[in-house]
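Colleague: Here it is: the structure, laid out below.
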Amino acid sequence: MRIKLTVNGLAYERECAEHVTLLRFLREGLGLTGTKEGCGMGECGACTVILNGRAVNSCMVLAVEADGAVISTIEGEAQGPSLSDIQKAFEKHHAVQCGFCTPGMVMSVKELLADNGKPGVDEVKEAIEGNFCRCTGYVQIVEAVMDLTGRPGGKGELEHV
Amino acid sequence: MVYEFRYLAPRTATELATVLDDIKADGRILAGGTDLIPNIRNGVFKPRIVVDVKKFQGADRMAFGSEGLSMGPAVTINDVLRSKDARERYPSLCACAHELASHQVRNRATVAGNVVNASPCSDMAPALLCLGARAVIRSATGERVVPFANFFAGVKKTVLVPGEFLATIIIPAESAGAAGRYLKLKRIAGHDLGIVGVLMTRKDGELRFGVSSAAPTPVLVDTVGAKDDPDEAARKVLASVSPISDVRGTKEYREHMIGVYVRRLLSEVE
């Protein structure tokens with residue numbers, strides 16, 4: 001089936017087999033390998049992308065279902081060498097260790113901040129409840145978001161350092 | 001996914017009914033895909049054709065009218081949670097929706113898919129049961145309306161037959177304003193399947209309990225009276241369920257926690 005979709009502001013039109021997931025299409029069809037496959041069944045969130053404004057697990061969406069959609073992936077964050085604000089906040093707060101969960105985490109946070117410019121700690125936690133991190137832990141990630149959204153003193157409520 | 005299938009996305013409800021009539025048992029209906037796609041990947045289902053029910057005109061309709069709230073098969077769990085009207089009129093529907101899986105899954109999973117999947121641990125079923133919701137089931141030969149109290153037929157089984165699809169869920173206007181709370185026992189605070197879940201609603205002195213993960217199907221208990229003491233209420237709810245021991249918990253633990261939740265809800269839901 002021929003599908004058209006916009007990814008990170010660029011329009012693509014491609015032939016795509018009907019059983020291929022959006023995740024595989026992004027990685028293998030478009031070469032956008034920033035989005036990761038973890039569990040492949042909606043538990044880990046490593047494959048999170050923003051589909052028509054909503055964070056979704058791209059391993060559970062067929063590419064053909066996304067025909068006509070507007071998608072954001074981690075590749076759309078940095079502009080050349082300049083990181084996005086979310087990426088800078090993650091870097092500053094050491095919210096990245098191995099980095100495998102990071103593309104999904106960043107996309108979940110991006111969706112949250114688009115809807116809710118000043119989330120509370122519980123809202124941040126809820127936004128990333130579907131994203132597993134197995135090395136950094138979640139505290140620094142929550143701190144990064146709380147810092148980014150302009151909390152008093154530039155400190156997240158969970159600042160522990 | 002290595003397994004290959006064809007994908008069809010009918011553009012009208014009539015066309016969808018015709019397609020489902022043609023393919024019958026050879027196909028699988030795709031709503032949010034959060035169960036179907038992992039199941040195909042894991043080899044549980046091997047459909048020749050996957051039919052998307054989200055793309056027909058009106059599939060994503062969510063409307064509040066004189067008969068209540070109607071939802072098409074493409075309405076997602078988060079569509080419900082984002083609706084101010086739904087939060088105000090059907091708080092127990094939203095309480096259940098909020099406990100379902102993770103934020104990303106809620107962005108994709110549909111209310112219709114959650115009940116048609118008919119897992120005993122369905123989180124939306126307790127709300128639809130307690131609120132007296134009805135399923136409008138459509139096929140090439142017509143339409144029938146089934147109350148959710150008669151919708152579930154067994155583990156992962158509903159009264160739907162091949163060729164039929166759940167076209168609309170209607171939550172009656174009379175149920176609007178029912179107070180409710182859903183307690184779901186999980187291993188972690190975030191995304192997890194329930195060990196047991198108990199919803200209690202209270203409207204005009206009438207109590208209802210919807211219980212998940214405690215029997216082959218989600219269970220509605222409407223025999224508890226407003227004057228029953230907590231132990232009597234717990235006894236009546238437990239008489240209606242038949243939990244099993246499995247990887248998530250034992251029968252005894254489930255029974256104990258259902259009793260705890262019923263007693264707690266009686267004091268908490270005003």
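Computed from the coordinates by the stated procedures, all read-outs in this text should not be read as laboratory data. From a predicted model like this one, the values you see are computed outputs, not experimental measurements. Neighbour counts run over all protein chains shown; Cβ positions are idealised from the backbone, glycine included.
Colleague: Restricting the search to segment B:11-48, which residues are closer than 20 Å to B:Arg144 by Cβ and among the β-branched types (Val, Ile, Thr)?
Modeller: Across segment B:11-48, the qualifying residues are B:Thr12, B:Thr14, B:Thr18, B:Val19, B:Ile29.
Colleague: Follow-up question, since we're still on this one. For the structure I just gave you, tell me whether A:Ile86 is away from chain B (no Cβ under 13 Å), of a type in the set (A, V, I, L, M, F, W, C) and within 20 Å of A:Cys39 (Cβ to Cβ). Steps first, please.
Modeller: Details: away from chain B (no Cβ under 13 Å): yes; of a type in the set (A, V, I, L, M, F, W, C): yes; within 20 Å of A:Cys39 (Cβ to Cβ): no.
The answer is no for A:Ile86.
Colleague: While we're looking at this one, here's another question. Please go through segment B:246-270 and give me each residue that is among the hydroxyl-bearing types (Ser, Thr, Tyr), under 12 Å from B:Ser213 (Cβ atoms) and free of Cβ contacts under 8 Å to residues at least 60 places away in the same chain, ordered by number.
Modeller: B:Tyr253
Colleague: In addition: Going through segment A:93-118 one residue at a time, which ones are of a type outside the set (A, V, I, L, M, F, W, C), surrounded by fewer than 19 Cβ atoms within 10 Å (Cβ to Cβ) and within 13 Å of another protein chain (Cβ to nearest Cβ)?
Modeller: Residues satisfying the conditions are A:Asp115, A:Asn116.
Colleague: Which of the following residues is under 23 Å from B:Gly259 (Cα atoms) and β-branched (Val, Ile, Thr): B:Thr201, B:Thr168?
Modeller: Values: B:Thr168 fails: under 23 Å from B:Gly259 (Cα atoms).
Result of the check over B:Thr201, B:Thr168: B:Thr201.
Colleague: Return the pair list, or none, for Cβ contacts closer than 8 Å from residues in segment B:186-201 that are within 13 Å of another protein chain (Cβ to nearest Cβ) to residues that are surrounded by 24 or more Cβ atoms within 10 Å (Cβ to Cβ) and not in a loop (DSSP other than H, G, I, E, B), at least 6 apart or on different chains.
Modeller: Here the result reads B:His191/B:Val105, each pair linking segment B:186-201 to a residue that is surrounded by 24 or more Cβ atoms within 10 Å (Cβ to Cβ) and not in a loop (DSSP other than H, G, I, E, B).
Colleague: Scan segment B:209-237 for residues that are loosely packed, with under 14 Cβ neighbours inside 10 Å and in a loop (DSSP other than H, G, I, E, B) and jot them down.
Modeller: B:Gly225, B:Ala226, B:Lys227, B:Asp229
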